[in-house]
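Structure first, then comments.
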């Protein structure tokens, strides 16, 4: 089952757990599963029915632009980190 | 993917496609654009760092002979205090608009207030002086620690700290707080035999591109808005214009002209919406140019910061814990790169116990903008200095200490994700074996320092189309503005697929009406992502041309193969035809072939660098001379090695400038006192030796040729490497950037 | 930029008459590397720009080993260091002409203009002072001459009265066993304004062990370039040693009255006066010793 | 506004006449009146060298020359450097050495290098760096530019 790494600042909502195993085959399902286990978490990660624009999602270590309906592998590890807007360098 | 491959085009050094235009002066940059009936715009800027605008009277300016129109924030659609989506993230629309033309408050000296369009730039400038603005002065706050104090002057009365954690609704200058936590930080420090903790200050520095910002705008009678400009991303300009002007993207065409440097600073818009407003008001095309002072005072620097770093290690060299607090100045509006800094601060090392706190803080300075690996250089200055000090305390060679703790594939980054194949260790090994590192270093007041750096790189959207010409050449159409030779590095990837020389590709960067969405040239993404799109578009060409060959040869498509620029038939019928010959037969086999691809690739692949520098300190004057510099960097695969070296050398020199002399200097009133290339001291060629760029190639599994972005990470190590070299030379740890002569004299106790 | 009229003056008397008529709102244009920037940035208001480069006297560049150098006020830097004999006779002045701006600036900027701009940090002024240069000034009442050290009266301010212009500079022929040196401190290696500048000239005895006389001048440590007369006088008839040079450097430091600005702090400048004075004196001494 | 002056000058071996206000710099005249936009404005106060041209054989910042001052003078700009069928050796050397990235400073550097090699055909690395110190480049770190100029010196 997918694993969600819990951002440090909302571990108060997960009894201090830094990673939580969740059910679900899509981003929406895993977030809903997290919310079922730890109420209040979804509101931190989502803005309505989308990932909060200030959050970037890493799947298995790779920053991936996802929508709520996107599928998630059963062994995926998800991180929700501050979104870094593009545009640093010269090329 | 990861094995060594022989390439025909990739890894060679062809003349860049836009080269002749650029050495003959024929290339048209934003300010070079000419159009009939052109008016000239000029922006009036705030002389104060922090003030409430009581009133603006433009009547005298409007009456001045030659003036055709004056605009203020009143001419912008009323901006809501809401989040606008700009493709790359959310931005508060009111903040975005207020930074274009201030509505109620000015938040930094140089903040735009009004603009004039006139028949000559001189008249526009004179008319600006006739605009009467009444201000109510407010105390400015210019330094991040002061801005975080509870009694600091408040820039935005409705700003509260946003954080994933508990919200606070008290007005503050701390726009956000973020945190990464891994392992048990206290346990980690308990395990350590040596703990080093230091505070670091870095100054405000500017991207320093040589071309000032520019924009020419025109509204047609049918409502079509066209903007000609230099930008790092035509599509992001279109998005920002649409939000700021509340105008449909379908009615906006952005034409990117050649761009004279950006380094992140030409992503945000400043005068482009102003040119559009003036064009609308006057019914004429209007060109608005910044002068150099406008660029310093009105466009994004990269933030000053205050950083504490605490690291602990065991006697055997194992780093057991790392903790940091990063406070970054966002400038006038929220949005510093503290998130990126937090991501990069300990990224080169595999450390079990980590605690990272980041704070985004508004101050009365221009709104910060991205600058080459934004946030990472500030952070690395702290970390890499402390690592050097740990090495000294542990009596371990600093390069060996990095090798012992360096992150590898499978290690977990401090902020959580697991690394794919990365090349940090390889950069350290390349530095260790380099004749620079093995050479003697012992002269009095000479010192050697090393430091490493990380930048994560990004992917994002790119579109490419390829039109096949009858003579076997291709026209490659893309949307990535070319700041440093990316026409060549993108074209070469398509050429490699098609088995044709780089010279047989005509790459063109086009406007927003002529290509699919393409994100900014930035984040070290262009050769990676747009190159990837060119690769895929070329594959699309191959697929279509296989079908044409099958038709010609009357064989099944599956029986056509393509290798080394030759189509051939397999399974029985012997046929062979070059890409060029088949290109000449397209009209007989169904018409033109157009390959296309759009990409949004994940897996940009992080970039690592390790730098070695020798310095000499003049202990009487405090001046530091760079004697020798070697930079090793994992490029994944260098498409055009000359331009990879160029990116490394350029990044190093920007880092040297940041390290030694570059900074915004402010007086007590909050006015920048050195807003010119005379007094904002960027390195000249007389300040530097040759920069030895050593390319290491650990292919990125996320790209067909293994490309990793190279543009950003070379700016990350220099300040720390130089600080470490200064310590080696004179035994003094410098913890404030820039390490300018007066600061060295103070640190040495000479003044 | 503000609007102004341009006049191409052909003679000294024409330029003087124009200056006399137009007063403060007229400025003379030679190399323009300061004036054009000041006008563009609104730091100096003017209605007339009077180009003097067509006037023969301000273009004069004549050196004679007996009578010395006549340096027209509009002669650009590069013409000065192109003359070998001038480089040998006045190396301290040549030091300054080679570090003002970059190559392109040196193609236009004039020593006379550097003097008339009267920046406290002007690189040419300390060497002119230590080389005993005299200003030849033309005005409505005829010509007058004054020593360079008396020319500047404040930042951007000079002794030039209404209608007066600098025509040329006169530098006496160098004495036996003498030389000069100018250096400045800047954080970069070029393209900067002096944080501190120091010029020195020395006359040594035939054995080149003893200082017969010395002159020291400083830049960027007071409202005008400073002639450190007493510091130089301390060296009169002294055996060369680190101690006597230190003593002179300390005397130079004692008269410095620097400010803090974006180019440097007051403490840094005071400290650098000592360092640079030593280096300038040692540099000048070394030049004498190295001369055949 | 001051009356416009009539100026006759020679640019890249051709006689050129133009009208300009006294306050218009040579750079403005070249770019806005004559549409020779190869010289760039980077700072407009003589500190970046992007506007470098050669005036009566001498390298100058065209932002620090008034258009009216060029009456009767002769100048070379980047637009006149190449032959119709081939580039100048300095231009070739810049391309072969990849001595440009964004290219905005390139015309200024090439004109500066031309003035250097006209003056000193065999400069040392230090002489090249000293001569070019008035030209700022923010992209390349100067390494490849210095090499290009040294290569061009070899080639000419």
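Some points to look at:
- Screening B:239, B:258 for residues that are closer than 23 Å to residue B:480 by Cβ, away from chain D (no Cβ under 14 Å) and in contact (Cβ under 8 Å) with a residue 40 or more places away in the chain leaves exactly one candidate, B:239.
- Unique match (being in contact with a helix residue (DSSP H, G or I) (Cβ under 6 Å, 6 or more places away or on another chain), within 28 Å of residue B:287 (Cβ to Cβ) and without any contact (Cβ under 8 Å) to a residue 24 or more places away in the chain) among D:37, D:9: D:37
- When residue C:8 is tested against (1) more than 10 Å from chain D (Cβ to nearest Cβ); (2) surrounded by fewer than 20 Cβ atoms within 10 Å (Cβ to Cβ); (3) at pLDDT 95 or above, only condition (1) is not met.
- Elements of type helices (runs of 4 or more DSSP H) in region B:355-443, at least 2 residues being in contact with a helix residue (DSSP H, G or I) (Cβ under 6 Å, 6 or more places away or on another chain) and modelled with pLDDT of 95 or more: B:376-394, B:398-405, B:424-433
- Residue in region C:274-286 that is in contact with a helix residue (DSSP H, G or I) (Cβ under 7 Å, 6 or more places away or on another chain), more than 9 Å from chain B (Cβ to nearest Cβ), surrounded by fewer than 18 Cβ atoms within 10 Å (Cβ to Cβ) and more than 15 Å from residue B:741 (Cβ to Cβ) present: yes
- Any chance residue B:406 is within 13 Å of another protein chain (Cβ to nearest Cβ) and farther than 28 Å from residue B:156 by Cβ: no
- Residue within region D:121-134 that is more than 11 Å from chain C (Cβ to nearest Cβ), within 20 Å of residue B:26 (Cβ to Cβ) and free of Cβ contacts under 8 Å to residues at least 40 places away in the same chain present: no
- Residue list for region D:83-109, filter: touching a helix residue (DSSP H, G or I) at 6+ places or on another chain (Cβ under 6 Å) and at the interface with another protein chain (Cβ under 7 Å from one of its Cβ atoms): D:91, D:94, D:95, D:98, D:100, D:101, D:103, D:106, D:107
- Reported count of residues in region B:261-273, each being assigned to a loop (DSSP other than H, G, I, E, B) and away from chain D (no Cβ under 14 Å), is 5.
- Just one of the listed residues (C:63, C:81) is in contact with a strand residue (DSSP E or B) (Cβ under 8 Å, 6 or more places away or on another chain) and more than 25 Å from residue C:27 (Cβ to Cβ), namely C:63.
Residue by residue, here is whether (1) over 26 Å from the mean Cα position of the chain (by Cα); (2) more than 29 Å from residue B:667 (Cβ to Cβ); (3) within 13 Å of another protein chain (Cβ to nearest Cβ); (4) touching a residue at least 12 places away in the same chain (Cβ under 8 Å) holds:
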residue: B:7; (1), (2), (3), (4): yes, yes, no, yes
residue: B:19; (1), (2), (3), (4): no, yes, yes, no
residue: B:26; (1), (2), (3), (4): yes, yes, yes, no
residue: B:47; (1), (2), (3), (4): yes, no, yes, yes
residue: B:50; (1), (2), (3), (4): yes, no, no, yes
residue: B:54; (1), (2), (3), (4): yes, no, no, yes
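- Check on residue B:646, touching a helix residue (DSSP H, G or I) at 6+ places or on another chain (Cβ under 7 Å), within 14 Å of another protein chain (Cβ to nearest Cβ), under 30 Å from residue B:264 (Cα atoms) and at pLDDT 95 or above: yes
- Within region D:110-119, none of the residues are under 16 Å from residue B:26 (Cβ atoms), buried (at least 23 other Cβ atoms within 10 Å of the Cβ) and more than 14 Å from chain C (Cβ to nearest Cβ).
- Considering (1) part of a strand (DSSP E or B); (2) over 21 Å from residue B:738 (Cα atoms), the lone condition that residue B:450 does not fulfil carries the number (2).
- Tabulated pairs, region B:650-663, first touching a residue at least 12 places away in the same chain (Cβ under 8 Å) and facing chain D (nearest Cβ under 8 Å), second crowded, with 24+ Cβ neighbours inside 10 Å and assigned to a helix (DSSP H, G or I), C-beta under 7 angstrom, 6+ apart or interchain: B:651/B:714; B:651/B:715; B:652/B:714; B:652/B:718; B:654/B:715
- Against the criterion of being within 8 Å of another protein chain (Cβ to nearest Cβ) and not in a loop (DSSP other than H, G, I, E, B), residue D:59 qualifies.
- Residues being within 14 Å of chain D (Cβ to nearest Cβ) and in a helix (DSSP H, G or I) - total across region C:78-130: 15
- Enumeration of residues in region B:484-506 that are within 20 Å of the chain's Cα centre (by Cα) and either modelled with pLDDT of 95 or more or in a helix (DSSP H, G or I) (or both): B:485, B:486, B:487, B:488, B:489, B:490
The values are calculated or read from the model by the stated rules, or taken from the named source; none is laboratory data. Because the structure is a prediction, the values reported are computed rather than measured. Here Cβ is always computed from backbone atoms with ideal geometry, including for glycine, and neighbour counts include all displayed protein chains.
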